[in-house]
Amino acid sequence: MSAPAPGNSAENPFPVRAVAIRVKGWIDRLGSVWVEGQLTQINLRPGVRTVFMVLRDPAADMSLTVTCTPELVAGAPVKLTEGTQVVVCGKPNFYTARGTFSLRLSEIRAVGIGELLARIERLRRLLDAEGLFDPRLKRQLPFLPATIGLITGRASAAERDVMTVAGARWPAVRFAVRNTAVQGPNAVAQIVEALHELDADPDVDVIVLARGGGSVEDLLPFSDETLCRAISTCRTPVVSAVGHEPDNPLCDLVADLRAATPTDAAKKIVPDASAEQALVDDLRRRSAQAVRNWVVREERVLAQLRSRPVLADPLRALTERAEEVGRALAAVRRDITRLIAVQAERVGHLSARLATLGPAATLARGYAVVQTVGTDGPPQVLRSVQGAPAGTQLRIRVADGAIAATSEGHHDGN
């Protein structure tokens, strides 16, 4: 049985040099490559023939060590500083002595403004297509935030402007300040970390990203995709106050509110105490005047109602009706009296006629009424001599009384 190949078993391992040589051989076969990134940690020492730098990916936490000659740095199309966006051509190298990987540069080119703007425009269209700029997703800012989270450069004019203007407008406002890099290769990572920290703080009501104006390269971190997506996921409203009025990084479009300048952000976030007091005073004055006008109007209505006859003299209708009732009663009494008088006179006339025609008047003239008195019935008027034979008891009524008599029979002649 043959022995296993070197490196395939613990009994026959590779030595370190063998592995290093093999790795170097594989990397050497890669050839030259073009790479884009941001330069950081530029180590240029006088008298040293090799410049060491770090090429960082601005969209991810990854980097490469790059080396070049001092002449290549001096002849670069732009001044190489930390944060400079470049495109480099280099050959991958693996140093077997230290076991490190680097990229040996042979050419350095600056990324042009036009290319930067084109990349920002492509990212803008991508984020817009995903709905990160949708106005319906914008959160409403609180009327009076108790604590404002402020992300800005250390001792920057933007920090001073925001805090000074906000404090002058509302002295009770508080700040939770996070100082970060606002340009360069480390800006995005620091800003995103501060953003997450403030968003997790329950006392922070609104977050402000603030920095002064600058070139397109200076404001590149605020158009970074990682920062834009971090802003869109925040639960706390975010205000973008980056640059001056013409500057428009992508974070302005993702944020819940864009301010033209840091000073403008302070004015939009915090109400002016003096203006609010003036507004309250004006509202109180207007409400008091409205109440007074309402009272005057209602008093006028009451005066009009009281001036109406039915309310000015409520008993007038009853008085007028009482007078009418009195006149009607007088007329009724007068008519009844007259009617009674007429009827009384008529009764008198009828009584007189009745007395004239009655039997009493006849008796008064000398006539008499003769009645037969029987034992078994009431007296009967004697109408014929045959009704009173001799011995019949008679009752003779005259004007002033009645006389009892006895019939002696019938007598002929007058």
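Some observations on this one:
- Subset of the range 368-389 [open to solvent by 70 Å² or more (accessible area, probe 1.4 Å), part of a loop (DSSP other than H, G, I, E, B) and at pLDDT below 80]: THR375, ASP376
- Restricting the range 96-148 to residues that are within 20 Å of VAL35 (Cα to Cα) and hydroxyl-bearing (Ser, Thr, Tyr), the residue that is least open to solvent (accessible area, probe 1.4 Å) is SER102.
- Taking the numbered list (1) under 30 Å from ARG397 (Cα atoms); (2) among the small types (Gly, Ala, Ser); (3) out of contact with any helix residue (DSSP H, G or I) (no Cβ under 9 Å at 6 or more places or on another chain); (4) surrounded by 10 or more Cβ atoms within 10 Å (Cβ to Cβ) in turn, ALA355 passes all entries but (3).
- VAL54 at pLDDT below 85, in contact with a strand residue (DSSP E or B) (Cβ under 9 Å, 6 or more places away or on another chain) and in the same structural domain as GLU107 (by the TED database): no
- The range 98-109 residues that are within 21 Å of GLY25 (Cβ to Cβ), paired with ones that are of a type in the set (Lys, Arg) (beta carbon under 9 Å, 6 or more apart): LEU103/LYS91; ARG104/LYS91; SER106/LYS91
- Screening THR337, THR356, THR319 for residues that are assigned to a helix (DSSP H, G or I), polar (S, T, N, Q) and within 60 Å of the chain's Cα centre (by Cα) leaves exactly one candidate, THR319.
- Residue check, LEU305 open to solvent by less than 80 Å² (accessible area, probe 1.4 Å), in a helix (DSSP H, G or I), in contact with a Leu (Cβ under 8 Å, 6 or more places away or on another chain) and not acidic (Asp, Glu): yes
- Residues that are closer than 24 Å to ARG119 by Cβ, among the β-branched types (Val, Ile, Thr) and without any contact (Cβ under 8 Å) to a residue 60 or more places away in the chain, drawn from the range 184-237: ILE191, VAL192, ILE231, THR233
- Residue that is nearest to the chain's Cα centre (by Cα) [pool: residues in the range 70-95 that are surrounded by fewer than 18 Cβ atoms within 10 Å (Cβ to Cβ) and hydroxyl-bearing (Ser, Thr, Tyr)]: THR81
- Contact annotation: residue pairs with Cβ atoms under 6 Å, 6 or more positions apart or on different chains, pairing a residue in the range 13-33 that is in contact (Cβ under 8 Å) with a residue 60 or more places away in the chain with a partner that is open to solvent by less than 50 Å² (accessible area, probe 1.4 Å), are VAL23/PHE94; LYS24/PHE94; ILE27/PRO92; ILE27/PHE94; LEU30/PRO92; SER32/CYS89.
- Exactly one residue among VAL280, VAL295 is over 29 Å from ALA189 (Cβ atoms), within 23 Å of the chain's Cα centre (by Cα) and not small (Gly, Ala, Ser), and that residue is VAL280.
- Verdict on GLN183 being outside the structural domain of GLN85 (by the TED database), in contact with a Gly (Cβ under 8 Å, 6 or more places away or on another chain) and either in a loop (DSSP other than H, G, I, E, B) or open to solvent by 50 Å² or more (accessible area, probe 1.4 Å) (or both): yes
- Answer residue from the range 3-51, given it is within 29 Å of PRO185 (Cβ to Cβ) and among the small types (Gly, Ala, Ser) and is modelled with the lowest pLDDT among those: GLY47
Yes/no per residue for (1) assigned by the TED database to the domain that holds VAL192; (2) touching a helix residue (DSSP H, G or I) at 6+ places or on another chain (Cβ under 6 Å); (3) within 21 Å of ALA181 (Cβ to Cβ):
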| position | (1), (2), (3) |
| --- | --- |
| ARG122 | yes, no, no |
| ARG125 | yes, no, no |
| PHE143 | yes, no, no |
| ALA146 | yes, no, no |
| GLY149 | yes, yes, yes |
| ARG154 | yes, no, yes |
| ALA157 | yes, no, yes |
| ASP161 | yes, yes, yes |
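The values are calculated or read from the model by the stated rules, or taken from the named source; none is laboratory data. Since this is a predicted model, take the numbers as computed values, not measurements. FYI the Cβ positions are ideal-geometry reconstructions off the backbone, even for glycines, and counts take in every protein chain you see. Protein only, heavy atoms only, side chains kept; ligands, DNA and RNA dropped before computing areas. Shrake-Rupley method; radii C 1.70, N 1.55, O 1.52, S 1.80 Å.
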